[in-house]
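The values are calculated or read from the model by the stated rules, or taken from the named source; none is laboratory data. As the structure is a computational prediction, the values presented were derived from the model and not from experiment. Don't worry about glycine lacking a Cβ; one is built from the backbone with ideal geometry, like all the others, and counts go over all protein chains shown. For the accessible areas, the whole protein counts, side chains as well, though only heavy atoms, and no ligand, DNA or RNA atoms are used. Shrake-Rupley method; radii C 1.70, N 1.55, O 1.52, S 1.80 Å.
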Amino acid sequence: TGTLEVMVIKSGGLMAAWNQASPSHISVREGDRIVEVNGKSSAQHSSEELHAVIQKEAVLELTLARPIALVVCIHKTQGAKLGISYDEGTRNVTSIYSNGLVAEWNL
């Protein structure tokens, strides 16, 4: 499973054309994530499978998610653990453990 991140919106491309024809609140932005393509969800399909659909199909219905950046301040004492795991490539948090500082902050 995996999403596709919009890295660049090329002028003259389909995303740029969509953005020009659409209100700004529904425009596609760099950093948005494609989470579904023509009914194929990233929860059940790999990013490679989603990419293959984008390459193959002439008509695309995309569902995108926009990440929200949060800045938090956690005071970490000696020996304390954040209690998270993350993807080394994307740096996205994949799990929050109930016994860590992040879970405590979330309360």
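A few notes on this one:
- The amide H of VAL35, built 1.01 Å from its N in the peptide plane, has THR63, LEU64, ALA65 as neighbours under 5 Å, considering only residues 5 or more places off or on other chains.
- FRET E, pair SER41, SER11, Förster distance 35 Å, beta-carbon r, rounded to 0.05: 0.70
- Other residues within the sphere of radius under 14 Å centred on the Cβ of HIS75, judged by their own Cβ, net out at +1 (K and R +1, D and E -1).
- Which label in [x] 98; [y] 113; [z] 145 gives the computed volume of the Cα convex hull per residue in Å³: [z]
- Longest segment of the chain lacking trypsin sites (Lys or Arg not before Pro) that sit in a DSSP loop with at most 16 other Cβ atoms within 10 Å: 30-75
- Per the Debye calculation on region 1-45 with a single equal scatterer at every Cα and no solvent contribution, log₁₀ I(q)/I(0) for q = 0.15, 0.19, 0.20, 0.27 Å⁻¹ amounts to -0.43, -0.65, -0.71, -0.99.
- Rounded FRET efficiency, nearest 0.05, which uses the C-beta distance separating LEU70 from GLU104 and R0 of 25 Å: 0.95
- Using θ = phi - 60° in the Karplus curve 6.51 cos²θ - 1.76 cosθ + 1.60, the 3J(HN,Hα) couplings for region 2-11 round to x, 9, 10, 8, 6, 8, 9, 10, 7, 5 Hz; x is entered for Gly and Pro.
- Low-density loop cleavage sites - chymotrypsin sites (Phe, Trp or Tyr not before Pro) in region 5-107, where at most 13 other Cβ are within 10 Å (DSSP): TYR97
- Partners of LYS56 within straight-line reach, counting lysines whose Cα lies under 21 Å from its Cα and excluding those fewer than 8 residues away in the same chain: LYS10, LYS40.
- Between GLN20 and ALA52, the modelled labels are 3.3 nm apart [label points 7 Å from Cα along Cα→Cβ].
- Between 0 and 90 degrees, the angle of helix 47-56 with respect to the longest Cα principal axis of the chain falls at about 10 degrees.
- The chain - charge dipole about Cα centre, Lys and Arg +1 at Cβ, Asp and Glu -1, debye rounded to 20: 260
- Sparse packing (at most 13 other Cβ atoms within 10 Å of the Cβ) combined with a DSSP loop state is found for the following GluC sites (Glu not before Pro) in region 21-105: GLU30, GLU57, GLU61, GLU88.
- Residue-normalised accessible area of the chain, expressed per residue, 1.4 Å probe, Å²: 78
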